[in-house]
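To start, the structure itself, in structure tokens.
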Amino acid sequence: MEKNDFLQLKKWFKHHISGFYRGDPVYDEPLILKEKHTDRVCGGVVAVGRGMGLDETAMPMAQTIALLHDLGRFIQYETHQTFNDDISRNHAVLSLSEISRHKALAGVKKNEKKIILTSIFYHNAATLPKLNDASLFFSKLIRDADKLDILAIFADYYPQRARRRHPVIEQNLPDGPGYSKKILLDILKKRPALKKDVNTLNDFKLLQISWVFDLNFSHSFQILEQSRLLEKIRAELPWTDDINEAMKTVFRHVRQNRR
């Protein structure tokens with residue numbers, strides 16, 4: 001892909017998603033969040049990609065994956081008024097459906113299109129299957145950039161939520177002092193937790209923290225450490241011995257993988 005191909009797709013994307021807004025600040029706010037998230041993930045794949053030596057000829061494809069990875073979120077919200085895949089539809093599948101329906105990648109070479117679609121399909125999967133080298137690399141890249149920005153969103157959101165809560169962002173999870181021992185065990189065993197084990201907002205925070213065990217590139221760990229996102233989310237969790245022990249495992253893993 002050429003840089004101009006990505007820039008043309010970006011224009012199409014902005015025009016396409018503008019049709020989902022209603023001019024109602026309350027209704028539109030989650031959509032604005034997703035649009036800004038997409039912009040930042042486009043920048044994130046560049047930051048991580050350059051840090052890992054991705055050359056400029058491959059960058060437009062990485063940016064295209066980032067641009068379209070959450071395309072399905074807009075039709076998901078319009079149809080279901082939620083971003084919770086469990087009670088609506090898998091947003092990665094919706095993204096592929098929207099790409100196909102609007103022929104967004106009509107001018108892209110067949111081999112490049114396959115990599116783009118594969119990476120979008122697996123960007124939110126619990127684990128990655130065996131893929132060819134190019135699809136595996138770009139899938140890992142979008143997964144890292146996506147997670148880093150979601151962590152940044154929630155690291156900023158949690159300390160301010162007492163002033164204004166967003167049920168769509170929180171996926172209507174109950175807020176109480178409890179948390180999942182199963183998710184803590186996943187963290188202690190250095191594996192990402194599963195969404196099916198999330199029952200409370202604290203579980204949701206711990207799930208996000210567990211994503212460190214699904215990051216792929218040393219530059220991603222460097223960004224994570226420098227931004228102190230984990231510390232910010234941890235500060236919004238109960239100060240208990242078992243959470244403290246889990247966090248030691250998390251921070252040790254980050255230090256070991258930042259080089």
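No lab work stands behind these numbers, since they all come straight from the coordinates. Since the structure is predicted, the reported quantities are computational estimates derived from the model, not experimental observations. Cβ placement follows ideal geometry from the backbone for every residue including glycine, while neighbour counts extend to all protein chains displayed.
General observations
- Here the contact order of the chain, divided by its residue count and restricted to Cα pairs under 8 Å and six or more residues apart, works out to 17 percent.
- Dipole moment magnitude, nearest 20 debye, the chain about Cα centre, only Lys, Arg, Asp, Glu C-beta charged: 420
- Two-site FRET efficiency, GLU2 against ASP133, from Cβ-Cβ distance with R₀ of 35 Å, rounded to 0.05: 0.95
- Cα gyration tensor shape of the stretch 123-233, rounded if a/c is under 1.5, else prolate or oblate by comparing a/b with b/c: prolate
- Altogether, the Stokes-Einstein calculation at 10 °C and 1.306 mPa s, with the Kirkwood radius of the chain over Cα pairs as Rh, returns a diffusion coefficient of 84 µm²/s.
- Extent along the principal axes, Cα only, for the stretch 3-148: 43, 32, 28 Å, with the longest axis given first.
- Point-to-point label distance, ASP241-LYS103, nm (Cα→Cβ direction, 7 Å offset): 6.6
- Above-threshold pairs, the threshold being 19 Å between Cα atoms, out of LYS130/LYS196; LYS181/LYS232; LYS3/LYS113; LYS189/LYS248; LYS3/LYS140: LYS130/LYS196; LYS181/LYS232; LYS3/LYS140
- Distance cut-off 18 Å, percentage of C-alpha pairs in the stretch 173-257 lying past it: 36
- Where a label projected 7 Å from the Cα of VAL26 along Cα→Cβ would reach, residues of the stretch 168-182 with amide N under 16 Å: 168-169
- Placing pseudo-labels 7 Å out from each Cα toward the beta carbon at LYS248 and GLN160 gives an inter-label distance of 3.5 nm.
- What you get for the stretch 141-259, charging only the Cβ of Lys and Arg (+1) and of Asp and Glu (-1), is a dipole of about 180 debye around the Cα centre.
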